[in-house]
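Each remark here refers to the structure printed beneath this line.
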Amino acid sequence: MTVTSMALSVSHLTPHIGTRIDSDGETLLSGRHAQEIRALLETRSVLVFPEIGFDDEQQIAFTRSLGALAYDYNGVPMVNGEQQAIFKVSLDEKVSPTARSLKNSLLWHLDGTTHDVPILASVLTARHLAPAGGETEWCSTYAAYEALPDEDKRALEGLRAVHSNLQLQRNINPELSYADFRRARGGPSKSQPLVWTHRNGRKSLVVGATAAYVEGMPHDDSLELLVRLRDWATQPQFVYRHEWKIGDMVIWDNTGTLHRALPYAPDSGRLMHRSMLAGEEPFA
Ligand SMILES: [Fe+2]
């Protein structure tokens, strides 16, 4: 279904998640459609602007037209003492100082689970692509929660999981040295509800690779529940996979999705430029 309204042409990519918006750069940067885009972001989770070809300045202006920019998150480095609104996403350690921890970007997750207020949204533009792999996938944790049997919804009420830096480090290296383990354990850690009741009244699942364990459950039962929920949420009917073209820009609602990149060679040259919208709502 394609609906043309003013200068936005909107078509849904799957029933639950993902919408393509065809427009021109000038229209998008005018801010005239900011409300409509924000509304689509909330209902459709992932918005694709094919080959829009924004440079950093335009990407920042577009991001800013939708809300407050987020800086210095997930270790975004300062350059010459200035906070950077654009973060270079690359698995190549020569390009990105956080390339090592970005190995977690290949695992299903949402950003900011060790914070009280996670970022609202991320914007990615494709600058260089890997010859193979490097697609990005998102699943709707709203749709996944909604589709759970009532019995599961009842069983999840009140349950909380701990998300931690330690879990992230163990994903990268399951056999940490004792010194590295202690260092990782000293990093951020937060208990979050497994089911997030948003201010809009909708509910989403908060699971993924940052979740270490469910509070108050035996070890294996806790892991089984986390694996089952992640597996449920990432079923094909809840997933949109984007195959990138240079210049594509995608924005996604970080609060109602999990995302991951499919594997690609760290030295493939794949490079994405990311900007972010500051969080507006705590996990609750
Ligand atoms: Fe991420």
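Yes or no, residue by residue, for (1) near the ligand (Cβ under 10 Å from one of its atoms); (2) charged (D, E, K, R); (3) modelled with pLDDT of 95 or more; (4) within 14 Å of the chain's Cα centre (by Cα):
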| residue | (1), (2), (3), (4) |
| --- | --- |
| Asn104 | yes, no, no, yes |
| Leu110 | yes, no, yes, yes |
| Ala126 | no, no, yes, no |
| Thr136 | yes, no, yes, yes |
| Ala143 | no, no, yes, no |
| Asp152 | no, yes, yes, no |
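Meeting the requirement of 3 or more residues that are within 17 Å of the chain's Cα centre (by Cα), the strands (runs of 3 or more DSSP E) wholly within the range 1-69 are 46-49. Of the residues making up the range 185-199, those that are within 9 Å of His163 (Cβ to Cβ) and either among the hydrophobic types (A, V, I, L, M, F, W, C) or open to solvent by 20 Å² or more (accessible area, probe 1.4 Å) (or both) number 4.
Tell me, which strands (runs of 3 or more DSSP E) wholly within the range 166-284 include 3 or more residues that are within 16 Å of the ligand (Cβ to nearest atom) and not aliphatic (A, V, I, L, M)?
Passing ranges, in order: 239-242, 257-261, 271-277.
Across the range 3-22, the qualifying residues are those that are at pLDDT below 95 and surrounded by 14 or more Cβ atoms within 10 Å (Cβ to Cβ), and the one among them that is nearest to Phe49 (Cα to Cα) is Leu8. On the stretch given as the range 96-130, residues that are closer than 28 Å to Glu51 by Cβ, open to solvent by 10 Å² or more (accessible area, probe 1.4 Å), in a loop (DSSP other than H, G, I, E, B) and touching a Lys or Arg at 6+ places or on another chain (Cβ under 9 Å) total 3.
The values are calculated or read from the model by the stated rules, or taken from the named source; none is laboratory data. Model, not experiment: these values are computed from the prediction. Cβ atoms come from the backbone with ideal geometry, glycine included; neighbour counts cover every protein chain shown. Side chains are part of the model used for accessible areas, which takes the heavy atoms of the whole protein and leaves out ligands, DNA and RNA. Shrake-Rupley method; radii C 1.70, N 1.55, O 1.52, S 1.80 Å.
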